[in-house]
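Below you'll find the structure I mean.
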Amino acid sequence: MLDGISMMLISVVILALSFDFITGFHDTANSIATCVSTRVLTPMWAILMASTLNFVGALVSENVAKTIYKGIVLGPVAEYVIIAALVGAIVWDIVTWYLAIPSSSSHALIGGLIGASVAYAMAFEKVDWSGVFNKVVIPLLTSPIIGFIVGFGVMTFLFRALASVSLRVINKWFSKLQILSAAFMSYAHGNNDAQKSMGIITLALVSAGVWDVAAGVPLWVKISCAVAMGLGTSVGGWKIIKTMGVNIIRLQPINGFAAETSAAAVIETASAFGFPVSTTHIVSAAIMGVGASKRMKAVRWNLVRSIVWAWVLTIPVTALLGAGVTLLIKLII
C-alpha cells in the first residue's frame with residue numbers, strides 16, 4: 001500500500017479512470033464500427049469481443065505510458081494540474097461524442113496536460129516541447145496519412161488479387177476474416193489508448209512523491225485502467241459507430257477487413273515506439289483510403305472535412321480548457 005496518498009491524488013485516479021471509461025465508449029467505434037456496419041457481427045458480440053481484447057491489449061506494454069509521464073512535462077506538477085488536464089479532455093470527449101464526431105481522446109488528454117502545465121508554471125518551459133514535437137505532433141500529422149495510404153494500398157491489392165473471384169465468395173470469406181481484423185483492431189486500441197491513463201496516473205504518483213519513476217507503471221494502475229477501458233467499451237458509442245461505419249463510406253466485409261487491418265498495423269507500430277497516436281484518426285483515415293481506392297467520390301468528403309477540423313482543433317481547444325481550469329483552481333486554493 002502506498003503511503004502519503006491525499007484526497008487530491010485519489011481524485012486524480014478517479015478522474016483518470018473515468019477518462020479511460022469515457023475513452024472506451026467514445027472510441028468503441030474504432031474497433032467495431034466496420035464489422036457492425038457490414039453485419040458481420042451483431043452489436044452485442046462485437047462489443048463483447050472489443051471489451052475483452054481492449055482489456056488484454058491494455059496489459060501488454062507501457063511504452064506509450066512512459067511517453068505520457070516522462071516525455072510531455074518537465075519535472076513534477078501539482079495534482080490539480082493533472083485534474084485540470086483530465087477535466088479538459090473529458091469535456092472535449094463528451095462534446096464530440098454528443099456531436100457524433102470521431103475525435104482523439106489521446107490528443108485531448110495531451111492538449112489538456114500541455115495547457116494545464118503552462119498555466120501552472122506560468123511559463124512555456126514547463127513543457128518538454130522537443131518530446132511533444134517528436135512523439136506527439138509528428139505522429140499526429142503523419143499517422144492518419146500513413147493510415148490512408150496503407151488502407152488505399154491494401155484495398156487496391158485485394159481488388160487486383162481477387163478480380164476473378166465472385167462477389168458471393170468474397171463476402172463469404174471476408175465475413176469471417178473481418179472478425180479477425182476487428183479483433184486485431186480492438187487489441188491495438190487497448191494497447192495504445194489505455195496507456196494514456198496509465199501514464200497520467202503514474203505522473204501524478206511520481207509528482208506526489210509516492211512512486212519512483214524508475215519503477216514504471218504500477219501493476220494496480222495497469223489493471224485498473226484495463227478494466228475501465230473494457231467497461232467503457234462495453235457501453236458502446238453508437239453515434240460515432242454510425243459516423244465511421246456508415247456515413248463516411250458504404251462498407252462491404254472486404255472493405256472493413258482492409259480498413260481494420262491497415263489501421264491496427266499502423267497503431268501497433270506506433271505503440272512499439274511509444275507514440276501516443278490517435279486510434280480514431282488512423283482508423284478514420286484508413287476507411288477513407290479504402291473508399292478512395294474504389295473511387296474518390298465514394299467518400300463523403302463533406303463529412304470528412306468536419307472530422308478533420310475536429311482533429312485540428314483538439315489540442316488547442318483542450319489546452320485552453322486545461323489552462324482555464326488550472327487558473328480557476330489556483331484562484332480557489
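Please work out the FRET efficiency for the pair Thr156 and Leu59, using the Cβ-Cβ distance as r and a Förster radius of 41 Å; give the result to the nearest 0.05.
On the way: r = 36 Å, r/R0 = 0.87.
It comes to 0.70.
Val73: net charge of surrounding residues, Cβ under 12 Å, Lys/Arg +1, Asp/Glu -1, itself excluded?
Neighbour charge sum, excluding Val73 itself: 0.
Okay, next question. If R₀ is 56 angstrom, what is the calculated FRET efficiency for the pair Arg295 and Glu125, using the beta carbon separation as r and rounding to 0.05?
That gives a FRET efficiency of 0.65.
Test of understanding: what is the full-extension gain from Leu320 to Asp212, defined as 0.36 nm times their sequence separation minus their Cα-Cα distance? Walk me through the intermediate numbers first.
On the way: separation 108, 0.36 × 108 = 38.88 nm, distance 3.04 nm.
Once the chain is fully extended between Leu320 and Asp212, it gains 35.8 nm.
What is the distance, in nm, between label points placed 7 Å from the Cα along the Cα-to-Cβ direction at Phe133 and at Leu219?
Modelled inter-label distance: 4.1 nm.
Hey, can you rank 156-162, 217-223, 288-294 by average C-beta count inside 10 Å, highest first?
Output ranking for 156-162, 217-223, 288-294: 288-294, 217-223, 156-162.
I'd like the per residue volume of the convex hull spanned by the Cα atoms of the stretch 7-320, given in cubic angstrom.
105 Å³
I've got another one for you. In nanometres, what is the gap between the two model label sites at Val312 and Thr269, each 7 Å from Cα along Cα-to-Cβ?
Output for this residue pair reads 2.6 nm.
Among residues other than Tyr120 whose Cβ falls under 15 Å from its Cβ, what is the net charge (Lys/Arg +1, Asp/Glu -1)?
Values: positive: Lys126, Lys330; negative: Glu79, Glu125, Asp128.
After counting each charged neighbour, the total is -1.
For a test of understanding, tell me how many lysine pairs in the chain have Cα atoms under 22 Å apart, given they are 8 or more places apart or on different chains.
Taking the chain as the scope, the lysine pair count is 19.
Taking the number of other C-beta atoms within 10 Å as the exposure measure, put Lys330, Lys126, Lys135, Lys196 in order starting with the fewest.
Lys330, Lys126, Lys135, Lys196
Mind listing the long-range amide H neighbours of Val73? Cut-off is under 5 Å, sequence gap 5 or more, other chains count too, H placed in the peptide plane at 1.01 Å from N.
Asp128
Can you work out ³J(HN,Hα) from phi for every residue in the stretch 138-154, in order, using Karplus 6.51 cos²θ - 1.76 cosθ + 1.60 and θ = phi - 60°, giving whole Hz and x for Gly and Pro?
4, x, 4, 7, 8, 5, x, 5, 5, x, 4, 5, 5, x, 4, x, 5
Please give the length that would be gained between Leu331 and Ile145 if that part of the chain were fully extended, namely 0.36 nm times their separation in residues minus their C-alpha to C-alpha distance (nm, one decimal).
So the chain would gain 62.7 nm between Leu331 and Ile145.
Take the alpha carbon gyration tensor of the stretch 91-164, find the square roots of its eigenvalues, order them as a ≥ b ≥ c, and report rounded if a/c is under 1.5; if not, report prolate when a/b exceeds b/c, else oblate.
Details: a/c = 7.29, a/b = 2.05, b/c = 3.56.
Oblate, because a/c is 1.5 or more while a/b does not exceed b/c.
Please compute the contact order of the chain in relative form: average sequence separation of alpha-carbon pairs under 8 Å and at least six residues apart, divided by the residue count, as a percent. Can you show the working numbers first?
On the way: 655 pairs, mean separation 129.8, N = 333.
That works out to 39 percent.
Values quoted throughout were computed directly from the atomic coordinates according to the rules given, and no laboratory measurement underlies them. Being a predicted model, the structure only gives us computed values, none of them experimental. Heads up, the Cβs are rebuilt from the backbone with ideal geometry, glycines too, and the neighbour counts pull from every protein chain shown.
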